[in-house]
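**Student:** Structure in structure tokens, see below.
What follows is calculated from the coordinates using simple rules that are stated; it is not laboratory data. Keep in mind that this is a model prediction, so the values were computed, not measured. Backbone-built Cβ (ideal geometry, glycine too); neighbour counts: all protein chains shown.
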Amino acid sequence: MQELTHYINGVHVKGTSGRFADVYNPATGEVQARLPLATPEEVNEAVAKAAIAQVEWAKVNPQRRARVMMKFGALINEHMEELAELVSREHGKTIPDAKGDVQRGLEVVEVCMGAPAMLKGEFMDSAGPGIDLTSMRQALGVVAGITPFNFPAMIPLWKMAPAIVCGNAMILKPSERAPSTALRLAELFSEAGLPDGVLQVVNGDKEAVDSLLDNDTIQAVGFVGSTPIAQYIYGRAATNGKRAQCFGGAKNHMIIMPDADIDKAADALIGAGFGAAGERCMAISVAVPVGKDTADKLVAKLLPKIEALKVGPYTSGDDVDYGPVITAASKERIVGLIDSGVAQGATLLADGRGFSLQGYENGYYVGPTLFDDVTPDMDIYKEEIFGPVLTQVRADNYEEALKLVMDNQYGNGTAIYTADGDTARDFASRVNVGMVGINFPIPVPLSYFSFGGWKKSAFGDLNQYGPDAFKFYTKTKTVTSRWYSGIKDGAALNFQALD
Ligand code: NAD
């Protein structure tokens, strides 16, 4: 069986802990590799080596750093098929979806090619007699990226590209369930000219993460994963004096107004609810039709589309709409939540529990599931299901639908389908959610904007990628200088204006 490694100072390094995690192929249920789980000593050594590399990397001028990004971007493009295959093999998503995963990460690398323009400081001449002010953006040092299983290419790229182009070194701790894409990306980054040690991939579990959080050299932590872990990591990083941004889970609602194009809304719900088996933090898991008529029409449109969905292994190519969920435990949890929905009185219109595929009986498949008449007290509403389960909560009017979204503990993404500009505008303005779609189901902002939720979907400051990332991964230094030529000045004991 394949034994995976860490990637330290530009080479693959075997783990020494003797502890391993099994990496499964979720399409078949087979263990396909084992992954070493780093000890605190291995983590600290990787950080110490990164700190040495970072000093030199920060001296490389921004234009040259950007050129490494250009080569890295070209290599990602060149290896698109291979990277997508790696993503699908460990995550289970279809190849076209895996290419989207790589592509949305690549777009962040592309924005980093223009980093010099983002890293310029500010200058004010003659702010007082002979006085000039300069503010500059400097790298933080060594930073950590801790990423989830569901976007094995995109989220590591969201972390590594902005951090590194700003002059930092990064320790990336990818998900132990889908680590191979990050390891391959690190190789490609080296091939693009990144000096050894600037990107270290350390594999591990809680022990490795805690070592990063407690290591004094680590200046900032960028985390993406579930809400309880995001909150934990944010707390521990902040207590240890680190800058932290920790993005968590979600429960994204889509409101469907009576004037919406129901066909388009139904198509959007199928894609956003069941794509990637619902394992997206921007998946729509709650449909909120306004009015009985809208709800009935929507169900009538959704059911045949759900019945037509093809579930299977990514190796079946175009014959598959979505694949398995990530682990046996995840499947069991999703099935348990569907059971709870039935027990708590929701109407089960499509039941994915008994789904089985000939030849793939041990894969972690869940068929598409649709619940109607869901209420906010039910577990299927309260919990992030992270599976191919769409729930419908009926609302009598727009205000009731909006209140549902507003009262939810999560605030990652949301959408409204309507033909009315006033309603759309009101929704975008009032809703307390970070990313909003108007007749657009998964409003992940493009890479020159930035990504972040509100409420329990994000802890800490600033968003991921885009202009915010350049702020998160640099600190500002402001220099006030005075040159005395022609200026008469005595001792000043008072704190004073510069005029
Ligand atoms: P997860 O929280 O289980 O794991 C994320 C990372 O944290 C992994 O690297 C893991 O090794 C580490 N980790 C897990 N338990 C830990 C612990 N006790 N202490 C320290 N580290 C620990 O998340 P996941 O299951 O890999 O990913 C799915 C979750 O991520 C979903 O909740 C999804 O909504 C969320 N997500 C959020 C965003 C976003 O941008 N808001 C994007 C993608 C995924």
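**Student:** Compute the long axis of helix 292-307 from its Cα atoms, compare it with the longest principal axis of the Cα atoms of the chain, and write down the angle in degrees, 0 to 90, nearest 10.
**Tutor:** Rounded to the nearest ten degrees, it is 90.
**Student:** Looking only at the chain, where both bridge partners belong to it, what percent of the DSSP beta bridges are antiparallel (to the nearest 5)?
**Tutor:** 45 percent
**Student:** Please give the charge dipole size of segment 327-442, origin at the Cα centre, charges +1 on K and R Cβ atoms and -1 on D and E Cβ atoms. Round to the nearest 20 debye.
**Tutor:** On the way: 8 positive and 17 negative charges, 68 e Å.
Dipole size: approximately 320 debye.
**Student:** Give me the angle, in degrees from 0 to 90, between the Cα long axis of helix 227-239 and the longest principal axis of the Cα atoms of the chain, rounded to the nearest 10.
**Tutor:** Relative to the chain, helix 227-239 is tipped by roughly 20 degrees.
**Student:** For a 30 Å ceiling on Cα separation, which of these pairs sit above it: LYS301/LYS331; LYS59/LYS93; LYS305/LYS382; LYS264/LYS471; LYS159/LYS455? Walk me through the numbers on the way to the answer.
**Tutor:** On the way: LYS301/LYS331 27 Å; LYS59/LYS93 40 Å; LYS305/LYS382 26 Å; LYS264/LYS471 38 Å; LYS159/LYS455 21 Å.
Pairs exceeding 30 Å: LYS59/LYS93; LYS264/LYS471.
**Student:** State the answer as a single residue: which of ILE171, ALA497, GLY130 lies farthest towards the positive end of the charge dipole of the chain, with beta carbon charges of +1 for Lys and Arg and -1 for Asp and Glu, about the Cα centre.
**Tutor:** Towards the positive end, the residue furthest out is GLY130.
**Student:** Provide the gained length on full extension for the span MET124 to ASP259, in nm with one decimal, where the gain is 0.36 nm per separating residue minus the Cα-Cα distance.
**Tutor:** Taking 0.36 nm per residue and subtracting the Cα distance, the gain is 43.3 nm.
**Student:** Find the centroid of the Cα atoms in segment 413-446 and in segment 376-397, then give the distance between the two in whole Å.
**Tutor:** Taking the Cα centre of each part, segment 413-446 and segment 376-397 sit 19 Å apart.
**Student:** Counting only C-alpha contacts under 8 Å and six or more residues apart, can you give the relative contact order of the chain as a whole percent? Walk me through the numbers on the way to the answer.
**Tutor:** Numbers: 1163 pairs, mean separation 91.8, N = 499.
It rounds to 18 percent for the chain.
**Student:** With point charges of +1 on the Cβ of Lys and Arg and -1 on the Cβ of Asp and Glu, referenced to the Cα centre of the chain, which listed residue (ILE306, ALA66, ASN252) lies farthest in the positive direction of the dipole?
**Tutor:** ALA66
**Student:** By how many degrees, between 0 and 90 and to the nearest 10, does the Cα long axis of helix 398-407 differ from the longest principal axis of the chain?
**Tutor:** The angle comes out near 60 degrees.
**Student:** A follow-up question, please. At 222 nm, what value in deg cm²/dmol follows for the chain if DSSP H runs of at least 4 each add -39500 (n - 2.57) and the sum is divided by all its residues, to the nearest 500? Before the final figure, lay out each step's value.
**Tutor:** Working: 16 runs with 193 residues, N = 499.
The helix-only estimate for the chain comes to -12000 deg cm²/dmol at 222 nm.
**Student:** Quick one: check the C-alpha center-to-center distance for segment 163-191 versus segment 237-305, whole angstrom.
**Tutor:** Their Cα centres are 30 Å away from one another.
**Student:** Sticking with this structure for a sec: Assuming R0 = 56 Å, what is the FRET efficiency of LEU493 and GLU400, from their Cβ-Cβ distance, to the nearest 0.05? Provide the component values of the computation, followed by the final result.
**Tutor:** Numbers: r = 64 Å, r/R0 = 1.14.
It comes out at approximately 0.30.
**Student:** Then there is this: Using DSSP to define loop residues, name the trypsin sites (Lys or Arg not before Pro) in segment 331-431 whose beta-carbon has at most 13 other beta-carbon atoms within 10 Å. Numbers along the way, then the final one.
**Tutor:** On the way: sites: LYS331, ARG333, ARG353, LYS382, ARG394, LYS403, ARG425, ARG430; in loops: ARG353, ARG394.
Passing both the DSSP loop test and the Cβ count: no residue.
**Student:** Defining a contact as two alpha carbons under 8 Å apart and six or more residues distant in sequence, what relative contact order in percent does segment 86-137 show? Can you show the working numbers first?
**Tutor:** On the way: 27 pairs, mean separation 10.7, N = 52.
Over segment 86-137, the number comes to 21 percent.
**Student:** Starting from the 7 Å offset along Cα-to-Cβ, what nm value, one decimal, do you get for the label separation of GLU332 and THR375?
**Tutor:** Reported label-point gap for GLU332 and THR375 is 3.1 nm.
**Student:** Please find the FRET efficiency linking THR476 to ASP318, where r is the Cβ-Cβ separation and R0 is fixed at 41 Å, and quote it to the nearest 0.05.
**Tutor:** That pair, THR476 with ASP318, gives E of 0.25.
**Student:** Give me the distance in nm between label points sitting 7 Å out from Cα along the Cα-to-Cβ direction at LEU349 and SER485, one decimal.
**Tutor:** Between LEU349 and SER485, the label points sit 7.8 nm apart.
**Student:** What fraction of the DSSP beta bridges in segment 252-438 is antiparallel, stated in percent and rounded to the nearest 5? Don't jump to the answer; show the numbers that get you there.
**Tutor:** Values: 3 of 23 bridges.
Antiparallel bridges make up about 15 percent of those DSSP assigns within segment 252-438.
**Student:** What is the dipole size for segment 252-438, taken about its Cα centre, with +1 at each Lys and Arg Cβ and -1 at each Asp and Glu Cβ, in debye to the nearest 20? Each step should come with its number before you reach the end.
**Tutor:** Numbers: 15 positive and 28 negative charges, 59 e Å.
Using only the charged Cβ atoms, the result is roughly 280 debye.
**Student:** Quick check on the chain: take the gyration tensor over C-alpha atoms, sort the square-rooted eigenvalues as a ≥ b ≥ c, and tell me if it's rounded (a/c under 1.5), prolate or oblate.
**Tutor:** Working: a/c = 2.23, a/b = 1.40, b/c = 1.59.
It comes out oblate by the Cα gyration axes.
**Student:** Starting from the 7 Å offset along Cα-to-Cβ, what nm value, one decimal, do you get for the label separation of LYS292 and GLU41?
**Tutor:** Spacing of the two 7 Å Cα→Cβ label points: 7.1 nm.
**Student:** Then there's this: Roughly how big is the chain's charge dipole about its Cα centre, with Cβ charges of +1 (Lys, Arg) and -1 (Asp, Glu), in debye to the nearest 20? Working shown, then result.
**Tutor:** On the way: 46 positive and 60 negative charges, 308 e Å.
Roughly 1480 debye, rounded to the nearest 20.
**Student:** Say R0 is 22 Å: what FRET efficiency, to the nearest 0.05, do GLU3 and LYS206 get from their beta-carbon distance?
**Tutor:** Numbers: r = 21 Å, r/R0 = 0.97.
After rounding to 0.05, the efficiency reads 0.55.
**Student:** Please report, in cubic angstrom per residue, the volume enclosed by the convex hull of the alpha-carbon atoms of segment 252-438.
**Tutor:** Normalising the Cα hull of segment 252-438 by residue number yields 108 Å³.
**Student:** Let me ask something else about it. Only Cα pairs under 8 Å and at least 6 apart count here; give the relative contact order of segment 252-438 as a rounded whole percent. Numbers along the way, then the final one.
**Tutor:** On the way: 347 pairs, mean separation 54.1, N = 187.
Dividing the mean separation by the residue count of segment 252-438 yields 29 percent.
**Student:** Turning to a different aspect of this structure: Positive end of the charge dipole of the chain (Lys, Arg +1 and Asp, Glu -1 on Cβ, about the Cα centre): tell me which of GLN219, THR414, PRO388 has its Cα farthest that way.
**Tutor:** Looking along the dipole axis, the top candidate is GLN219.
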